[in-house]
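Below: the structure, in structure tokens.
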Amino acid sequence: MSAPTTRERRDGHNTGAHNTGGHSTGGRLPPPPTPQQRALRWIAGGSVLLALVAASSIGLDLPTLIAGGEDVASLVERMLPPRVDDPARIAALTLDTVLMAFLGTVLATFLSVPLAFLAARTTTPHPAVATVARGLITFCRAVPDLVFAVLFVRALGLGVLPGVLALALHSVGMLGKLFADAIEDADPGPREAVRSVGVGPLRELLNGVVPQVVPAWVSAFVYRVDINLRTSVVLGFVGAGGIGFALQDALRGLVYPKALGIVAIILVVVAAMELLSMAVRRALLAPRNPRFERDRVVRFLSGGAALALTVFAFVRLGIDPLALVTSVPDLLAVAGRTFPPDLTSLGPVLWEALLQTLAIGLVATAIGVVLSLPLGLLAARNVAPHPVVHAAARTTVLVVRAVPELVLAVILVAAVGLGPVAGAIALGIGSIGFLGKLVADAVEEIPAGPAEAVRSVGGGWWKVLFAAVLPQSLPSVVGSTLYLLDVNIRTSTILGIVGAGGVGFLLFEAVRTLRFEVVGGIVLLVFVVVLLIERLSGWIRAQLT
């Protein structure tokens, strides 16, 4: 047998032969899996099994899906043709919805910036402070915005102010985390240079950290406006203003053509806002060119437009800026009534509903993964076999993302009846748009070298896909799937408001009957579940990187 080459000695295996009892096997044995890899395989297999068990537990199977499809088709037929009975009123409510989303994001930004500096380990005054700040951020993310809206409507009455505050508080959960992560990722060099000239801590942060993190903050802000627009659509279901009130009124009166007309308007507005947000991000985050003043002009005009829109939002929505401060005692009074949390008065019903919520979130995520993975691959410009296919897939993702899950749940409940099946299907459809976009973006960002190498040796489209594209994008896709599971479990808690199963029904029934201690208990359970899933997701992502 010839001596092993340098590469073979480095790999620890002979590529030409492998000794097993004196016989040549003609191949190199792969290294044994690490404990982390074995654990990930068990988790993957267990997730598939859990998804099947969860689907069975809520009564979702193939005959149910087929029957449900027929019922939905029948309902859609009854909704055609769409109509808008009062265009002026619908236009005004749509404008209010857009302004609520923007103003809620602005307020969340003001709350998130100081919280992020306290939460970031590179700027926090003490590790205990960082732990508390991170806990507050996670709590805001764990409690659904619709739950905040219900509580705030109880405290402040009907109107847009509870909706704006609910959007702001829930948005802190996302913006606070992203802002803090950006601060931790900032280069320490400029901060040390500023500190060396003897300035105080505040100037050190303003001059050494803020200029580095502003681009990431702007991107997160614009993206959150896009998210809040979809969320603000459904706040009218609980009396928190916006076009959701008109939609609920149409569905409650079984005026389905009118409901479809409102849904069509929502879809157009959300799609237009998403395209606008993409253009704004591209303009604001483009690399600066010191030879041209255009970058500075664009940023100046964008800042001025944001300020003017904020003022207009306060005036148009009729919100007194002082009310943001004077309403705090009322909000704290309602929040105080949720303590101590009550986990016993509902008995086993609470735990059964919680398990149902977990089952809905798990099944919806499984539906999203199965359907969005091929759609996301076709929506990626570097994978789609033809530009027409790419455009069609991207349009499909955009349209699906434009319709809020609660609206889908309302339609499915009307078609297939009350219960968790409607909730799981609604979240599953919503997951297609959410995960499809993340998959497409992740695939478009992978290096082109491996795919070109496969093509250079004659590999076709399928070979490039399985040998170069999927292996590179797998960590990002897995991470996005775990994040989707987190989102789906939080979202499934609000579907009970329209009879789509889960713990949400108990939650909103407790609010309606003023049993705030029970509300506190349910919110606490959701918070713990979301926190555990977030920790598990972080561990799995760490093993893949």
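All of the numbers you see were taken from the coordinates with simple rules; none came from a lab. What you see is a predicted model, and the numbers here were worked out from it, not measured in a lab. As a convention, Cβ positions derive from the backbone with ideal geometry for all residues, glycine included, and neighbour counts pool all protein chains shown.
According to the Kirkwood expression over distinct Cα-Cα pairs, how big is the hydrodynamic radius of region 296-359, in Å?
The answer is 16.5 Å.
Regarding region 81-160, what's the average projected area of the Cα-atom convex hull, expressed in nm²?
Approximately 8.0 nm², given one-decimal rounding.
Can you work out the FRET efficiency for the pair L206 and A88, with r the C-beta to C-beta distance and R0 = 41 Å, to the nearest 0.05?
The pair L206/A88 has a calculated efficiency of 0.30.
Taking GluC sites (Glu not before Pro) as candidate sites, keep only those in a DSSP loop with at most 16 other Cβ atoms within 10 Å, then name the longest stretch of the chain containing none of them.
It runs 1-292.
P(r) tail for the chain, what percent of Cα pairs lie past 29 Å?
59
Could you work out [θ]222 nm for the chain from helices alone, using -39500 (n - 2.57) per DSSP H run of at least four and dividing by all its residues? Round to the nearest 500 deg cm²/dmol.
One gets -25000 deg cm²/dmol as the mean residue ellipticity at 222 nm.
Which one of I540, V164, T357 has its Cα pushed farthest toward the positive end of the charge dipole of the chain, where Lys and Arg give +1 and Asp and Glu give -1 at the Cβ?
Checking the options against the dipole of the chain, the answer is I540.
Given a Förster distance of 51 angstrom, what is the FRET efficiency for L62 paired with A308, based on the Cβ-Cβ distance and rounded to 0.05?
Result of the calculation: an efficiency of 0.40.
Helix 516-544 versus the longest principal axis of the chain: what is the Cα-based angle in degrees, 0 to 90, to the nearest 10?
For helix 516-544, the angle is close to 20 degrees.
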